[in-house]
Every structure is written in structure tokens, then in C-alpha cells.
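The block underneath contains the structure these notes are about, expressed in C-alpha cells.
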Amino acid sequence: MSKTATLKPGNLRWGIYHADREHARVMGDSLRTVVEAPKKIAAQEEAARLGFSYPWAHLVAANELRREQ
């Protein structure tokens, strides 16, 4: 996702993390990717479609995106 990407109307930015908390802790609980979707379940489905196993979506703020990039 580019820094200049505009958010489509009705969509939110969701950070995708690993749902297995132990694995996430070992891996540093890193943000895996960011997707746009209107709801959490749609974001998790999009992440799974992109090939991420065990996706867990969480809303991310613009300042979090800048820090992760």
C-alpha cells in the first residue's frame, strides 16, 4: 500500500496480524499487511484470499501505518 493511497468510501484500513498469539509473540507481533474493507470479517477474508494464514484484523490509524512503513 502506498503512502498516497486514498481510502475508498465506506472502507476502513485494517492491519492484518497473525491470529495465533504465541506465534505472533515469537515473531514480534508484527503487522503482516494492511487491507481496505468495510468490516473486520471482510478484511480477514481478503487477507486469507491474499494467502495469509490465520489472519486477524485490527483497525489501524494513519500514524501506525507511517511507523510500520
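Structure values in brief
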| quantity | calculated |
| --- | --- |
| Contacts under 8 angstrom Cβ, first residue in region 9-22 being more than 11 Å from TYR54 (Cβ to Cβ), partner among the acidic types (Asp, Glu) and modelled with pLDDT of 90 or more, 6 or more apart | ASN11/GLU36; LEU12/GLU36; ARG13/GLU36; TRP14/GLU36 |
| Matching residues in region 27-56 - criterion: being surrounded by fewer than 18 Cβ atoms within 10 Å (Cβ to Cβ), at pLDDT 90 or above and either of a type in the set (D, E, K, R) or more than 12 Å from the chain's Cα centre (by Cα) (or both) | GLU36, PRO38, LYS39, LYS40, GLU45, ARG49, GLY51 |
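The values are calculated or read from the model by the stated rules, or taken from the named source; none is laboratory data. Quick caveat: nothing in here was measured; it's all calculated off a predicted structure. Every residue, glycine among them, receives a Cβ derived from its backbone with ideal geometry; neighbour counts consider all protein chains shown.
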